[in-house]
Every structure is written in C-alpha cells, then in structure tokens.
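Before any comments, here is the structure.
The values are calculated or read from the model by the stated rules, or taken from the named source; none is laboratory data. All values derive from a computational prediction rather than experimental measurement. Backbone-built Cβ (ideal geometry, glycine too); neighbour counts: all protein chains shown.
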Amino acid sequence: MDVLVLIGRILFVLLFLNSAIGHLTQTKGMAQYAGSQGVPFPWLAVFGSGILQLVGGLMVLLGVWADLGALLLFVFLVPTAVMVHRFWREGDQQARQNALIQFLKDLSLAGAALMLFAFFAHTGDDLGLTLTGPLFDID
C-alpha cells in the first residue's frame, strides 16, 4: 500500500507544482487576468497562491507533514474556484462552459485534498514512505 500511496501523491501534485511554476514565473500576466476577474490585490494573490501550491505540493510529494500540505492545497483551491472561475458571470456560452469546467475541477480537487488531509491525519505514522508523520491527529 505504501508504494500505491506514494504513486498517488506524485500524480496528485503534478498539476499543483506545474501551476506553481507558472504563478511564480508569469506573475504579472496572471495578475492581469486575476484582476480582470475582480480578484483583489491580484499580484499578491497570484504570487501567494503560487507559494501555497509550491509548498503544499512539495509537502504532499515528500511526505513532510503531508496532511498540512493537503490542507494548504485545499485553502488554495476553494477561493480560486469561487473568485477566478465565475462561470455564472460569463455571457458567452463557450466561455461559460470553460469557466464551469475549471470551477468544477477546482472543487473536485479541493474535495480530494480534504480527503487526503483526513487520510494522512488519520493514518498517522503508519503511512510509510514519508519523511515525517502528520502534524494533525484525527481518530
């Protein structure tokens, strides 16, 4: 089971680590888009969300307080879904559909991150193939 969980952790964080690189290397352009969506302090939001994805993704990947890493990814995903992918505001049908897909993707990943948080916190030191045990303890 340890190897399966490790493979799952690797696959789960690929999207976040790739996105973090974009957020941290293309901050200005992404901030312009975020600002056009009404995100307050868009440069700070893009840079901060890049840091959340990078730190959370690496924590889950490496198994360093993986429960906290999953929680950080959850904290990134929910506001992003609601503030950036506002499908209900799109007038064009294609733009609405694209925004809806991104909204649902973020919420689905948020659900997976929340389940990972609970799984890591409940499993504790028995998880294996991690550098540390969980920070939280859920029985």
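Points to keep in mind about this one:
- Among the residues listed as 106, 126, the single one being among the charged types (D, E, K, R), touching a His at 6+ places or on another chain (Cβ under 7 Å) and either under 14 Å from residue 13 (Cα atoms) or modelled with pLDDT under 95 (or both): 106
- Just one of the listed residues (80, 123) is surrounded by 12 or more Cβ atoms within 10 Å (Cβ to Cβ), assigned to a helix (DSSP H, G or I), in contact (Cβ under 8 Å) with a residue 24 or more places away in the chain and polar (S, T, N, Q), namely 80.
- Residue check, residue 39 on the phi < 0 side of the Ramachandran plot and outside any helix (DSSP H, G or I): yes
- Checked against the criterion of being within 16 Å of residue 120 (Cβ to Cβ), at pLDDT 95 or above, surrounded by 13 or more Cβ atoms within 10 Å (Cβ to Cβ) and within 15 Å of the chain's Cα centre (by Cα), the candidates 50, 57, 63, 22 yield just one match: 57.
- Residue selected from the range 83-113 under the condition touching a Lys or Arg at 6+ places or on another chain (Cβ under 9 Å) and not in a helix (DSSP H, G or I), by the criterion surrounded by the fewest Cβ atoms within 10 Å (Cβ to Cβ): 90
- Filter result (in contact with a Pro (Cβ under 9 Å, 6 or more places away or on another chain) and assigned to a helix (DSSP H, G or I)) within the range 49-77: 49, 66, 67, 68
- Residue 74 meets the conditions (1) within 26 Å of residue 129 (Cα to Cα); (2) surrounded by fewer than 15 Cβ atoms within 10 Å (Cβ to Cβ); (3) within 16 Å of the chain's Cα centre (by Cα) in every case but one. The failed one is (2).
- Residue 128 being surrounded by fewer than 15 Cβ atoms within 10 Å (Cβ to Cβ), touching an Asp or Glu at 6+ places or on another chain (Cβ under 7 Å), without any contact (Cβ under 8 Å) to a residue 40 or more places away in the chain and under 19 Å from residue 7 (Cα atoms): no
- Per-region count, the range 108-139, residues in contact with a Gly (Cβ under 7 Å, 6 or more places away or on another chain) and of a type in the set (Gly, Ala, Ser): 2
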